[in-house]
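Student: Sending over a structure as structure tokens; questions will come in a sec.
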Amino acid sequence: MKRYIKFCSALIALMLIVFSCDKQDYSMGALVAPSEVTINTAIVGQDATHPDGDGSGDVIIELTGKNVLSYKIDYSATDGIALEFLPTGKTTRKYTSIGTNAYRITVVAYGPGATATTVTKDIQVRSDFTPDASIVSDLTGTGSKVWRVNKDIPAHFGVGPWNTTSVTPEWWAAGVNEKVGCCNCFYTATFTFTKNAASGTFSLEVKSPDGAFTKTGALAGGLPGIPATGDEQCYPYAGGTSAFSFVPSGSGIGAGTPSTKTAILLGGNNTYIGYGALLKEYEILSISETELYLRAQGTETGNAWYLKLKAD
């Protein structure tokens, strides 16, 4: 009985303490969207003589603003808006289109409660680039050279994260002959790279009598005749020819990682290399007279695809 009385007394005392506490005000303050958001840019080498920079294509970007929790950025609206996180608000971007080109930078600044403010800035940047002569000769031979995906080696096709630290298909890599059963067009397609000596230009011819191997068919604008969405398979494709250029790689892969820092940039929308669901810039990780190893950004955000080709 004494224990019961003590328990009741303790319970009453606890209730008095709880209900005697001051009532707290937990109301949320006003949600203020980011303001004074500014895109600050410095084009490397820019001066009175070189208004569009020194030809490196490098632009130092720093974002500032009030009430900002995080930023997303798109570096050029010419190929559509694809925003990516820029946690520090600072980066150096290499613009790789040869010559002097205009770009529109788009930034979304996020504040409390999912508030957001969008700003843009137009810049003009010059990019000069001459590829190493050995890369050109290895790719095009004495004028033209035919390449195809090398199905006879492991990891001739693979995928990993699109970032600046991973340069391997760490998520998945194909085994020998892996796509023969479902998608043999992947291996029968040929890619002929040609150097036009008279004009100093380059072209790519794609022949794929068994169809184009792709998941979505979505290069920038889409391969002709291939649906914008669909499962990974061989789709009817009549082949195509387009110009291409050598550009400094825009992947941002750091020093010491395996890469030539040179990329193949395809012109138009009617050609591809190996796999259709890739963007048009293919970084050359390594190349010899007989082997070509490429890395390209997938049309699905965050994917880096790897391709190993052999000379025919």
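Student: Report, by residue number, each residue of region 42-71 that is crowded, with 17+ Cβ neighbours inside 10 Å, in contact with a strand residue (DSSP E or B) (Cβ under 6 Å, 6 or more places away or on another chain) and within 30 Å of GLY113 (Cβ to Cβ).
Tutor: Selection gives ILE61, LEU63, GLY65, VAL68, TYR71.
Student: Filter region 161-205 down to residues that are assigned to a loop (DSSP other than H, G, I, E, B) and within 16 Å of THR271 (Cα to Cα), then give me how many there are. If you could, list the steps in order and put the result at the bottom.
Tutor: Within region 161-205, the first condition is being assigned to a loop (DSSP other than H, G, I, E, B), and the residues that meet it are 162-171, 174-179, 184, 189, 197-200.
With within 16 Å of THR271 (Cα to Cα) added as a condition, the list becomes 189.
Of the residues in that region, 1 qualify.
Student: Output yes when any residue across region 107-125 is under 20 Å from the mean Cα position of the chain (by Cα), of a type in the set (Val, Ile, Thr), closer than 23 Å to SER35 by Cα and crowded, with 16+ Cβ neighbours inside 10 Å, and no when none is.
Tutor: Yes, region 107-125 contains at least one residue that is under 20 Å from the mean Cα position of the chain (by Cα), of a type in the set (Val, Ile, Thr), closer than 23 Å to SER35 by Cα and crowded, with 16+ Cβ neighbours inside 10 Å.
Student: Only one of (1) at pLDDT 95 or above; (2) crowded, with 17+ Cβ neighbours inside 10 Å; (3) among the basic types (Lys, Arg) is not met by ARG104, so which one is it?
Tutor: For ARG104, the failing item is (2).
Student: GLY89: touching a Phe, Trp or Tyr at 6+ places or on another chain (Cβ under 9 Å), modelled with pLDDT of 90 or more and surrounded by 13 or more Cβ atoms within 10 Å (Cβ to Cβ), yes or no?
Tutor: Answer is yes for this residue.
Student: Here's something else I'd like to know. Of a type outside the set (Ser, Thr, Tyr) and not in a loop (DSSP other than H, G, I, E, B), is that true of VAL146?
Tutor: yes
Student: I would also like to ask the following. Counting only residues that are over 21 Å from the mean Cα position of the chain (by Cα) and without any contact (Cβ under 8 Å) to a residue 24 or more places away in the chain, which one in region 164-177 is surrounded by the fewest Cβ atoms within 10 Å (Cβ to Cβ)?
Tutor: GLY175
Student: What are the pairs, 6+ residues apart or on separate chains, where a residue within region 283-310 that is at positive phi has its Cβ under 6 Å from a residue that is at pLDDT below 95?
Tutor: Once the first residue is at positive phi and sits in region 283-310, its partners that are at pLDDT below 95 give GLY302/TRP162.
Student: Let me ask something else about it. Only residues that are closer than 25 Å to THR299 by Cα, at pLDDT 95 or above and of a type in the set (S, T, N, Q): list them for region 129-170, please.
Tutor: ASN150
Student: Something else about it: Which numbered condition in (1) in contact (Cβ under 8 Å) with a residue 40 or more places away in the chain; (2) over 17 Å from the mean Cα position of the chain (by Cα) is the only one that LEU266 fails?
Tutor: (2)
Student: Related question: With the requirement that a residue be at pLDDT below 95, on the phi > 0 side of the Ramachandran plot and either part of a strand (DSSP E or B) or not charged (D, E, K, R) (or both), what does region 260-282 give you?
Tutor: Within region 260-282, just GLY268 meets the criteria.
Student: Can we say THR241 is polar (S, T, N, Q), under 20 Å from ALA133 (Cα atoms) and outside any loop (DSSP other than H, G, I, E, B)?
Tutor: no
Student: I'd like to verify a number: residues in region 51-66 that are modelled with pLDDT under 95 and in a loop (DSSP other than H, G, I, E, B), how many?
Tutor: Here the count works out to 3.
Student: Further, regarding this structure: What single numbered condition from (1) of a type in the set (A, V, I, L, M, F, W, C); (2) part of a loop (DSSP other than H, G, I, E, B); (3) more than 19 Å from LYS308 (Cβ to Cβ) fails to hold for VAL136?
Tutor: Result: VAL136 fails condition (2) only.
Student: Counting only residues that are of a type in the set (A, V, I, L, M, F, W, C), touching a residue at least 60 places away in the same chain (Cβ under 8 Å) and closer than 16 Å to GLY268 by Cβ, how many does region 206-236 have?
Tutor: Residues that pass the stated criteria total 5.
Student: Count, please, the residues in region 126-160 that happen to be farther than 17 Å from ALA263 by Cβ and touching an Asp or Glu at 6+ places or on another chain (Cβ under 7 Å).
Tutor: The number of residues fulfilling the criteria is 4.
Student: While we're looking at this one, here's another question. Return the only residue of THR216, THR301 being of a type outside the set (D, E, K, R), more than 19 Å from PRO131 (Cβ to Cβ) and buried (at least 17 other Cβ atoms within 10 Å of the Cβ).
Tutor: Selected residue: THR216, the only one of THR216, THR301 that is of a type outside the set (D, E, K, R), more than 19 Å from PRO131 (Cβ to Cβ) and buried (at least 17 other Cβ atoms within 10 Å of the Cβ).
The values are calculated or read from the model by the stated rules, or taken from the named source; none is laboratory data. Please read all numbers here as calculations on a predicted model, not as lab measurements. Glycine also receives a Cβ, built like all others from the backbone with ideal geometry; neighbour counts cover every protein chain displayed.
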